[in-house]
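Here's a structure for you.
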Amino acid sequence: MNKFSRVLASPILAVICLFTFAFAMAVATFIENDYGTATAWKLIYNAWWFELVMVGLGASFIMSIYKYKLWRKEKWALLTFHLAFIVILLGAGITRYASYGGIMRVREGASSNIIISDNNYLHIHLSNGKTTKTLKKKLEFSPISNNNFNIDSEFEGTPISISYKNFIADAVPQIENNSENGKPMIEMIVSAGNGRETVFLEKGEIEAIGAHQHKIGFDVEAEDVINITENDGNFKIQSPRNLSAFVMATETASTIKKDSLQDIQLRTLYRDGDASFVPLAYYPKGEIKIVSASEKPKDNDEQKDDALIVNVAVGDNKMEITLLYREGFLPTTHDVNFNDITVTLSYGAEPITTPFSIYLEDFQLERYPGSTSPSSYASEVKVIDGDKEIPHRIFMNNVLDYKGFRFFQASYDTDELGTVLAVNHDALGTNVTYIGYFLMMIGMFFTLFGKSSRFTLINKKLKTLKLKSTALVLLLLTFSNTVFSQNESQKPNINLELVKQLEVDNQHAELFWTFNGARSRWTYKTNEYACF
């Protein structure tokens, strides 16, 4: 075994890898709690050094098998235990590089075969009307990491470059007035059954709101559009339909006749069928800036848009583009024209098509008594695969497994008429990992309780030692009884004649007492001690 092999087989390498792994998992837990799951994946789980730790751990197990010759018959339990870790690491690698997943949104009475991927990609489509080219790059962003990237390419001999400018979590638009590059615009609040939204209309723009696409424009020339015009700070409105108006300051109501040009005031509520809007403010030289609505990085709300700002350079032409995206939804595209080249950009998830469809028959939601908080929710679905229809109920602890896909109940739409299913496709990685767990269970059992295991040998030694101790105790007890019996047999037989033989006469005893008393007094006077 060479020096490199000895290093790989060293227990120190395994300890270092295990300690690094445990420390990384602990740090990732705190990062995920403070900055979100995406940041933890970007900084820890998807890092190259985390992969290196896993590779080092696997190499250490393999070289330990070689170093200690665990393939021998008497060590098969330890071999199984080591192989279990190697198989688990192999399963993790398959999951990391071959699996994919995301979410599927299905409305009641509808079906879907589209998975919205977990991973986000920057898609770049180049076209000049005759030739097209597509670029794609997987990207993840975090408010506490280095997000820089640069994509360089060429199209029909023209150099193309897309680079990172900024990332804004919970992006909301904000007007900067009197900007050098500002344009006239109106800030409006619109509502069409999906809550309130803020809309900024530049002069010459049209905004369609609501399910019926009510069109509102600012100083435009178009048909079937509610048109607002401005002249020296005075505003007029013209509508192809009658509008109801309500002045909030004076609480007075009125009607705007169709096809008539009438003066209006800001902060007045106008209603057109199921859509309503309120012009709030006018900015003569306004410019829309994207700012973050979250006070802290960990407050990133998945229900709000994030913004990616990139610099696009086509030849000598440069432009700054803002791309909005939201987790769990497919991205919108943004077209930019550079002379004869059109650049289409989008950032976010990408669609994954399944070979079958999921039909949602009914979404069921239960709440705690006296509360609006959901206690449980479930989806009654059917798997439609050609002519086959397979009913299934998906809820918290009951998943749907079909053709390598696993569907979990994850969430639901806010109107409670649709379900959100988490989807995972990792049949191979999951099965390999389960095999590793099974091998670990067998290896651990026989390592602890097998005939040739260390614990069994120690147990045998303890039993032998216990027998020896018992024999020694019995031997000592037998010896003690023998000695005691001998002592009992050697005791003198005391009788009256023996006592008379040992009797001291009175005169001799009195002499002894006189001598002893004198000696005791001498000892006391000389501070010495003597005992007779």
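If you roll a 1.4 angstrom probe over the protein chains with everything in place, what fraction of the accessible area of region 247-313 belongs to carbon and sulfur, to the nearest %? Display every interim value, and only then the final one.
Details: 1840 of 3970 Å².
The computed percentage sits at 46.
Please turn the phi angles of region 357-374 into ³J(HN,Hα) values with the Karplus equation 6.51 cos²θ - 1.76 cosθ + 1.60 (θ = phi - 60°), one per residue in order, whole Hz, x for glycine and proline.
10, 10, 9, 9, 7, 7, 10, 10, 10, 10, 10, 5, x, x, 9, 9, 6, x
Oh, and also: Semi-axes of the equivalent ellipsoid for region 20-171, please: Cα gyration tensor eigenvalues, times 5, square-rooted, ordered largest first, whole Å.
On the way: eigenvalues 332, 87, 80 Å².
Equivalent-ellipsoid dimensions as semi-axes: 41, 21, 20 Å.
Could you tell me what a quarter of the Cα convex hull surface of region 104-243 works out to, in nm² with one decimal place?
Details: hull surface 59.5 nm².
Taking a quarter of the hull surface, the average projection is 14.9 nm².
If you filter region 1-107 for trypsin sites (Lys or Arg not before Pro), then keep DSSP loop positions with at most 15 other Cβ within 10 Å, what is left? Could you put the intermediate results ahead of the total?
Numbers: sites: Lys3, Arg6, Lys42, Lys67, Lys69, Arg72, Lys73, Lys75, Arg96, Arg105, Arg107; in loops: Lys69, Arg72.
Filter output for region 1-107: Lys69, Arg72.
Suppose we take every Cα in region 224-357 and form the convex hull; what volume per residue is that in Å³? Could you put the intermediate results ahead of the total?
On the way: hull volume 35.2 nm³, N = 134.
Per residue, the Cα convex hull of region 224-357 comes to 263 Å³.
Over region 37-115, what percent of the accessible surface lies on carbon and sulfur atoms, probe 1.4 Å? Walk me through the numbers on the way to the answer.
Values: 2930 of 4270 Å².
Answer for region 37-115 is 69 percent, counting heavy atoms of protein chains only.
What ratio of Cα Rg to 2.2 N^0.38 Å holds for the chain? If you can, show how the numbers build up before the last one.
Working: Rg = 44.1 Å, N = 532, 2.2 N^0.38 = 23.9 Å.
That ratio works out to 1.84.
OK, next. For the chain, what is the calculated [θ] at 222 nm in deg cm²/dmol (nearest 500), taking -39500 (n - 2.57) for each run of four or more DSSP H residues and dividing by its residue count?
On the way: 9 runs with 164 residues, N = 532.
Helices in the chain give a 222 nm mean residue ellipticity of -10500 deg cm²/dmol.
Quantify, in whole percent, the carbon and sulfur part of the accessible surface of region 361-462 (1.4 Å probe; protein heavy atoms only). The partial results should precede the final answer.
Details: 3840 of 6380 Å².
Solvent-exposed carbon and sulfur of region 361-462 make up 60 percent of the total.
Return the tail of the calculated pair distribution for region 318-433, meaning the percent of Cα-Cα pairs more than 22 Å apart. Mind dumping the intermediate values first?
Details: 3575 of 6670 pairs.
Tail of P(r) above 22 Å: 54 percent of Cα pairs.
Residue farthest toward the positive end of the dipole of the chain, with Cβ of Lys/Arg at +1 and Asp/Glu at -1: which of Ile309, Leu324, Thr95?
Thr95
Mind checking the per residue accessible area of the chain for me, 1.4 Å probe, whole number of Å²?
Working: 33880 Å² over 532 residues.
Per residue, the chain has 64 Å² of solvent-accessible surface.
Report, in listed order, any pair from Lys133/Lys285; Lys133/Lys165; Lys304/Lys382; Lys130/Lys318; Lys257/Lys289; Lys203/Lys289 with a Cα-Cα distance greater than 26 Å.
Correct reply: Lys133/Lys285; Lys304/Lys382; Lys257/Lys289.
The values are calculated or read from the model by the stated rules, or taken from the named source; none is laboratory data. For clarity, every value in this text was computed on a predicted model and none was experimentally measured. Heads up, the Cβs are rebuilt from the backbone with ideal geometry, glycines too, and the neighbour counts pull from every protein chain shown. Just so you know, the surface numbers come from the protein's heavy atoms only, side chains and all, with ligands and any DNA or RNA stripped out. Shrake-Rupley method; radii C 1.70, N 1.55, O 1.52, S 1.80 Å.
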